[in-house]
Amino acid sequence: MKKAVLTVIGKDMVGILAKVSAMCASHNANVVEVTQSVMQEMFAMIMLIDISALNTDFSAMSDHFANLGKEMGLSIHVMHEDIFNSMHRI
């Protein structure tokens, strides 16, 4: 299974999880795990997504999430699991 880490940070509002999940589905990325929290008015979410069966290339999907973030006033970033692991190895 190929995986990616998706992060969302910004001001809390209705529909963040729904829109991000819908975009995952539109790219055929399956949400494997999700954790989210709201601290005062700040929303933070980390998703682990299965990207084994994407219907587009990873770069295009990443760009779509970045654009969704801009539209919603959020920071949305997708990082391939291999890159994530390399950056966070001690």
Any idea which residue in the stretch 16-38 is surrounded by the most Cβ atoms within 10 Å (Cβ to Cβ), counting only those that are hydrophobic (A, V, I, L, M, F, W, C) and farther than 12 Å from Ile49 by Cα? Ile16
Across the stretch 76-87, which residue is modelled with the lowest pLDDT among those that are open to solvent by 70 Å² or more (accessible area, probe 1.4 Å) and more than 17 Å from Ser52 (Cα to Cα)? Met87
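This table checks each residue for (1) in contact with a helix residue (DSSP H, G or I) (Cβ under 9 Å, 6 or more places away or on another chain); (2) farther than 18 Å from Ala66 by Cβ; (3) among the basic types (Lys, Arg); (4) assigned to a helix (DSSP H, G or I).
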site: Val5; (1), (2), (3), (4): yes, no, no, no
site: Val14; (1), (2), (3), (4): no, yes, no, no
site: Met23; (1), (2), (3), (4): yes, no, no, yes
site: Asn28; (1), (2), (3), (4): no, yes, no, no
site: Ala44; (1), (2), (3), (4): no, no, no, no
Pull up the stretch 39-75, narrow it to residues that are within 20 Å of Gly15 (Cα to Cα) and of a type in the set (Val, Ile, Thr), then point me to the one that is surrounded by the most Cβ atoms within 10 Å (Cβ to Cβ). Ile49
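The values are calculated or read from the model by the stated rules, or taken from the named source; none is laboratory data. If you're wondering where the values come from, they're calculated on a predicted model, not measured in any experiment. Heads up, the Cβs are rebuilt from the backbone with ideal geometry, glycines too, and the neighbour counts pull from every protein chain shown. Heavy atoms of the whole protein, side chains included, go into the accessibility calculation; ligands, DNA and RNA do not. Shrake-Rupley method; radii C 1.70, N 1.55, O 1.52, S 1.80 Å.
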